[in-house]
Amino acid sequence: MGARVIAFTNFKGGVGKTANVVNIGAVLAKYHDRKVLIVDLDAQANASLWLMHPEHWRSHTRDLTRSTYQIFHDQIVGTSRFKFGNALVRGVPHKNYPLIANLDLLPSAVEMISIEDKIHQNRFAPFHTFLHRGTGI
């Protein structure tokens, strides 16, 4: 069986996107022995904070190159600073929760909010391909 992509999107807040992503991802990883990668694209970084202790998240994303922010920033300004292996957090959650070895995370950063405007201002870039081009996944 090949890789499957499941996306949870909705412009309205408070509809359960983060709760569903984190819980369904954890169930698939732990009880169905699937390799799961959660890619947090939310400027609030809620999925990242559910799965990482806040101090670890701040330390990991401090320079932004190890967050999903960098994927989009690279595509907009033409740099190549994002490195998938450096950004990936393997085996989350951490700290107060038991480790789920098959559950990995590409964390977000609050700076994603600044990328949203830049994406919409650039009418010629195929922004829907940024994630694929930036990560190769």
What is the packing order of peptides 22-34, 106-118, taking the mean over residues of other C-beta atoms within 10 Å and listing the highest first?
106-118, 22-34
Most exposed first by the Cβ proxy, i.e. fewest other Cβ within 10 Å, how do Phe84, Phe11, Phe72 rank?
Phe11, Phe84, Phe72
Report the calculated FRET efficiency for Gln44 and Ile76 (r = Cβ-Cβ distance, R0 = 22 Å), to the nearest 0.05.
0.60
What are the semi-axes of the equivalent ellipsoid of the chain, taken as the square roots of 5 times the eigenvalues of the Cα gyration tensor, listed largest first and rounded to whole Å?
24, 16, 15
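Only counting other Cβ atoms within 10 Å, I'd like Trp50, Trp57 sorted with the fewest neighbours first.
Numbers: Trp50 20, Trp57 23.
Result, fewest neighbours first: Trp50, Trp57.
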For the chain, give the magnitude of the charge dipole about the Cα centre (Cβ charges: +1 Lys/Arg, -1 Asp/Glu; no others), in debye to the nearest 20.
240 debye
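None of the figures in this text is laboratory data; all of them are computed from the coordinates on show. The shown structure was predicted, so the numbers you read here are calculated from the model rather than taken from an experiment. Positions of Cβ are backbone-derived with ideal geometry, glycine not excepted, and every protein chain shown enters the neighbour counts.
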